[in-house]
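Structure first, commentary second.
The values are calculated or read from the model by the stated rules, or taken from the named source; none is laboratory data. A quick note: this is a predicted structure, and the numbers were derived from the prediction, not measured. With ideal geometry, Cβ positions are generated from the backbone for all residues, glycine too; neighbour counts draw on all protein chains shown.
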Amino acid sequence: MEIEKVKCLIIGSGPAGYTAAIYAGRANLAPVVYAGLQPGGQLTTTTEVENFPGYPAGIGGPELMEDLRRQAERFGTDIRYGMATAADLSAKPYKITIDGEKVIEAETIIIATGATAKYLGLEDEKKYAGMGVSACATCDGFFYRKKVVAVVGGGDTACEEASYLASLASKVYLIVRKPYLRASKVMQERVMSNEKIEVMFEHNAVGLYGEKGVEGVHLVKHMGEANEERYDVPIDGFFLAIGHKPNSDIFKSYLDTDEVGYILTEPGTPRTKVPGVFAAGDVADPHYRQAITAAASGCMAAIEAERYLQQ
Ligand code: NDP
C-alpha cells in the first residue's frame, strides 16, 4: 500500500477542519486535509447562517464553507478528497488509511470528522432511501414543493427544517415524541405560529408505506399508559431531524469516548489521551455544536499541534 508522510494531518472539512488548516498553514505545518464524504461538512446542507460572527446580514452555509476553504488554501493547505477508513494510533508516526488504499503517516493528527444525522432505525427508512426519506431538508426540500411532508424531532433542527419545508410544501407535520418541544423559544414560536405546520405531540412514526415511494406514514399516538391509537397519515416526504452521531468509530479503540461516541478530551482543550492527536468540532462536542465553537476548537487544535511538534 502506498505510504505518505505528513507533519499535520487534518481529517474533516467543516468549520473545525478548515480553521485548524488556516492556523496550521500559517504556522508552516504544511497541513493536509482529507475532506471526507461531505466536503465542507454539515453547513453545506444549510441555507442561511445568521449567527456566525462577522456577517451582519447572514451568509449561505455553502458560501461560508467555500470562503473557509479558500482561506485555508491561501496558507498552503493541501485539500484532498477522500475518507479516513482506518486508524492506528498505537505508535508514532500515527497511521491513517485513506479510502482503504493509501496510508498517511502523520506526526500529529487533528480529528475534525463531525457528526452524521441519525435515523429512527426503521426498515422502511432503508426501503425508501432516496424515494421520500431524507435527513436534510435543505438538500431535498426542493423536491416537495406543494406536497405534504413530515418532519420527525422536537429540537432546533426539527423546527428549523419544518419552517424551511413549510416555505416550499403545502403542509408539514412535525412528529414529536414528547408532549413538548425541546427547541429554543424563538424556534418553537416560529413553528407554532406557522399555519402550514401541524405539530403532533406524543406521536411516534413506526413505519412508512407506498408503492413506488413514500405515500404515507404509520403513526402511534400515546395517550397515557397502555393506551395508544394507531393511524396512517398520507405524506410525500419523510424527514428525520432527531440529532446526530459523532463520526468517531475508527478511533474508538485508541481514544476515550462517551456512551454516544463523542471523543473525550482534556477539559477545555482539544487534547485526546494520545499525545499529538487532537479532536475538534462536533466529533468532540455534545454540548454546543455550533459552527463558531467548532471553528474555535479547530484553532485550539492547530495551536496545540504546533506546540506538540516544537517539543
Ligand atoms: P437535539 O438532540 O437537540 O434534538 C433531537 C430531537 O429529536 C429531540 O426532540 C428528541 O426528542 C428527538 N428524538 C431523538 N431520538 C428520537 C427518536 N428515536 N424518535 C423520536 N424523536 C427522537 O438535536 P438537534 O439536531 O435538534 O440539535 C442539536 C444541537 O444543535 C442543539 O444544541 C441545538 O440547539 C443546536 N441547533 C441550533 C440551531 C440554531 O441555533 N439555529 C439549529 C439547529 C440545531 P426528546 O426531546 O424526546 O429527546
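Tabulated values for the structure
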quantity: Near pairs, Cβ below 6 angstrom, 6+ apart or cross-chain, from region 61-88 (in the same structural domain as Ser13 (by TED's automatic domain parsing)) to any residue that is at pLDDT below 95 and part of a strand (DSSP E or B); calculated: Gly61/Val49; Leu64/Val49
quantity: Residue within region 266-284 that is of a type outside the set (A, V, I, L, M, F, W, C), within 16 Å of the ligand (Cβ to nearest atom) and within 18 Å of the chain's Cα centre (by Cα) present; calculated: yes
quantity: Check on Lys212, more than 13 Å from the ligand (Cβ to nearest atom), at pLDDT 95 or above and either closer than 18 Å to Phe238 by Cβ or in a strand (DSSP E or B) (or both); calculated: no
quantity: Residue list for region 159-192, restricted to those being in contact (Cβ under 8 Å) with a residue 60 or more places away in the chain and closer than 18 Å to Val206 by Cα; calculated: Tyr173
quantity: Residue list for region 15-38, restricted to those being modelled with pLDDT of 95 or more and surrounded by fewer than 20 Cβ atoms within 10 Å (Cβ to Cβ); calculated: Arg26, Ala27, Asn28, Ala30
quantity: Filter result for Val206 (assigned by TED's automatic domain parsing to the domain that holds Gly130, surrounded by 16 or more Cβ atoms within 10 Å (Cβ to Cβ) and either within 16 Å of the ligand (Cβ to nearest atom) or in contact (Cβ under 8 Å) with a residue 40 or more places away in the chain (or both)); calculated: no
quantity: Boolean, Thr45 is at negative phi and at pLDDT below 95; calculated: yes
quantity: Residues of region 86-123 satisfying the condition of being more than 22 Å from the chain's Cα centre (by Cα), closer than 19 Å to Leu264 by Cα and among the β-branched types (Val, Ile, Thr); calculated: Thr108
quantity: Qualifying residue in region 191-203 (condition: touching a strand residue (DSSP E or B) at 6+ places or on another chain (Cβ under 9 Å), in a helix (DSSP H, G or I) and more than 10 Å from the ligand (Cβ to nearest atom)); calculated: yes
quantity: Helices (runs of 4 or more DSSP H) wholly inside region 61-180 that include at least 2 residues being modelled with pLDDT of 95 or more and more than 16 Å from the ligand (Cβ to nearest atom); calculated: 61-74
quantity: Filter result (in contact with a strand residue (DSSP E or B) (Cβ under 9 Å, 6 or more places away or on another chain), in a loop (DSSP other than H, G, I, E, B) and within 15 Å of Ala295 (Cβ to Cβ)) within region 1-30; calculated: Gly12, Ser13
quantity: Per-region count, region 219-253, residues farther than 24 Å from Lys146 by Cβ and either within 13 Å of the ligand (Cβ to nearest atom) or not aromatic (Phe, Trp, Tyr) (or both); calculated: 22
quantity: Check on Val260, closer than 30 Å to Ile110 by Cα, within 11 Å of the ligand (Cβ to nearest atom) and among the β-branched types (Val, Ile, Thr); calculated: yes
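Yes/no matrix, rows are residues, columns are (1) touching a strand residue (DSSP E or B) at 6+ places or on another chain (Cβ under 6 Å); (2) surrounded by fewer than 17 Cβ atoms within 10 Å (Cβ to Cβ):
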{"residue": "Lys102", "(1), (2)": "yes, yes"}
{"residue": "Gly132", "(1), (2)": "yes, no"}
{"residue": "Thr138", "(1), (2)": "no, no"}
{"residue": "Phe143", "(1), (2)": "no, yes"}
{"residue": "Asp156", "(1), (2)": "no, no"}
